[in-house]
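Asker: Here you go, one structure.
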Amino acid sequence: MKARVTVTLKSGILDPQGKAIEGALKSLGVDGVASVRQGKVFDIELSGSDKAKAEAALKDAADKLLANTVIENYRVEVLG
Amino acid sequence: MKSAVLVFPGINRERDMARALKLASGRESAMVWHAETSLPKGTDLVVVPGGFSYGDYLRCGAIAARAPVMDAVRAFAAKGGLVLGVCNGFQILCEAGLLPGVLMRNARLKFICRDVHLRVERSDTPFTRGYNAGQVIRVPVAHGEGNYEADEETLKRLEGEGRVLYRYCSPDGVIDERGNINGAAHSIAGLVSEGGNVLGMMPHPENHVEDIMGCTDGRGLFAGLVAHLEHAA
């Protein structure tokens, strides 16, 4: 089973890396970029086939390690 | 003082730290590998040194904070044991939940490697008793992620409880934006846990302890720890 965990900075948390990327896109002349926030994507291969169990395990993984919930939010998707 | 210096893959300041501890206490530190599940018997100070544990993968300190030895450190701290985390060690202690908040990328995005000035906010703690309150000391920093941030409520509590022990300042002790090298909230360079027994700080006092280093302002921190532990013993 394939799954994806997406970790993003909470709103209001300063993201200097996103700001730098935003500036670079603007200087490249990419049209219509209003703002950029940088995050992380984890593609995870799971051995079982129980979707509910997988979701619980991924949440556990995100809470324990993948995200720092002081500053980050996460989203778990089991892709099947 | 029986100190234990933790060693994680990618840490590179553990020998500087052990040398500073020996200079202050006259005793060798135990070097404790991250895979250990206990601390040496009789340990009365745990030090988490600086470096780049696990290459700063995921987030600075994130993986080291989950190493087996950290459970032993948590138990040690819960009983009131003294823990000092410097630089990456500070990041590890935050990630381990032993200190609140988080260390973000420096506000101006640059890795900063130079001497900075710190104001010692109070002198009645094990980590500052070698100094006077309001004293300005000069110590080096070397970090890319030292911008301390926490939510408003946490910052209010830290200030209210007098838990900020070291602040970035100008050479004459003024707290201002210019002296705040990395953009840290309230110019925080070092803070303690609720119990006052866990200190995390970004600057490296261990690198200003001998004349050959050009400055010995870092000595006070280690001398204070020795005095505190000898007094307690």
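FYI, it's all coordinate maths here, none of it is from the lab. Keep in mind the model is a prediction, meaning the values are calculated, not measured. Note that each Cβ is placed from the backbone with ideal geometry, even for glycine, and that neighbours are counted across all protein chains shown.
Asker: Can you pull out every residue in segment A:1-30 that is among the hydrophobic types (A, V, I, L, M, F, W, C) and not in a helix (DSSP H, G or I)?
Answerer: The answer is A:Met1, A:Ala3, A:Val5, A:Val7, A:Leu9, A:Ile13, A:Leu14, A:Leu28, A:Val30.
Asker: Which ones in segment B:11-33 are crowded, with 20+ Cβ neighbours inside 10 Å and over 21 Å from B:Thr216 (Cα atoms)?
Answerer: If the condition is that a residue be crowded, with 20+ Cβ neighbours inside 10 Å and over 21 Å from B:Thr216 (Cα atoms), then B:Ile11, B:Val32 are the ones that fit.
Asker: Now for a separate question. Can you find, within segment B:54-73, the residue that is farthest from B:Leu98 (Cα to Cα) among those that are without any contact (Cβ under 8 Å) to a residue 60 or more places away in the chain and away from chain A (no Cβ under 14 Å)?
Answerer: B:Gly55
Asker: Hey, can you tell me all the residues within segment A:47-72 that are more than 14 Å from chain B (Cβ to nearest Cβ) and either surrounded by fewer than 17 Cβ atoms within 10 Å (Cβ to Cβ) or within 10 Å of the chain's Cα centre (by Cα) (or both)?
Answerer: If the condition is that a residue be more than 14 Å from chain B (Cβ to nearest Cβ) and either surrounded by fewer than 17 Cβ atoms within 10 Å (Cβ to Cβ) or within 10 Å of the chain's Cα centre (by Cα) (or both), then A:Ser47, A:Gly48, A:Ser49, A:Asp50, A:Lys51, A:Ala52, A:Lys53, A:Glu55, A:Ala56, A:Lys59 are the ones that fit.
Asker: Let me ask you something else. Looking at B:Ala227, B:Ala185, B:Ala189, which one is surrounded by 14 or more Cβ atoms within 10 Å (Cβ to Cβ) and within 13 Å of B:Gly130 (Cβ to Cβ)?
Answerer: From the options B:Ala227, B:Ala185, B:Ala189, the qualifying one is B:Ala227.
Asker: Let me ask something else. Does A:Val33 satisfy being more than 11 Å from chain B (Cβ to nearest Cβ), on the phi < 0 side of the Ramachandran plot and not in a loop (DSSP other than H, G, I, E, B)?
Answerer: No, not satisfied.
Asker: Determine which single condition A:Gly80 fails, assuming it passes every other condition in (1) closer than 20 Å to B:Ala150 by Cβ; (2) exposed (fewer than 14 other Cβ atoms within 10 Å of the Cβ); (3) not hydroxyl-bearing (Ser, Thr, Tyr).
Answerer: All conditions pass for A:Gly80, except number (1).
Asker: For residues in segment B:83-139 being surrounded by fewer than 16 Cβ atoms within 10 Å (Cβ to Cβ) and not charged (D, E, K, R), which is farthest from the other protein chains (Cβ to nearest Cβ)?
Answerer: It comes out as B:Asn132.
Asker: Please report, ordered by residue number, the strands (runs of 3 or more DSSP E) entirely within segment B:88-184 with at least 1 residues that are of a type in the set (D, E, K, R).
Answerer: Once the strands (runs of 3 or more DSSP E) in segment B:88-184 are filtered for at least 1 residues that are of a type in the set (D, E, K, R), what remains is B:112-120, B:136-143, B:147-149, B:164-169.
Asker: Is there a residue being away from chain A (no Cβ under 12 Å), assigned to a helix (DSSP H, G or I), of a type outside the set (Ser, Thr, Tyr) and in contact with a Leu (Cβ under 8 Å, 6 or more places away or on another chain) anywhere in segment B:75-82?
Answerer: Checking segment B:75-82: at least one residue is away from chain A (no Cβ under 12 Å), assigned to a helix (DSSP H, G or I), of a type outside the set (Ser, Thr, Tyr) and in contact with a Leu (Cβ under 8 Å, 6 or more places away or on another chain).
Asker: Return the residues of segment A:36-46 that are away from chain B (no Cβ under 14 Å) and surrounded by 10 or more Cβ atoms within 10 Å (Cβ to Cβ); say none if nothing qualifies.
Answerer: A:Val36, A:Leu46 - these are the residues of segment A:36-46 that are away from chain B (no Cβ under 14 Å) and surrounded by 10 or more Cβ atoms within 10 Å (Cβ to Cβ).
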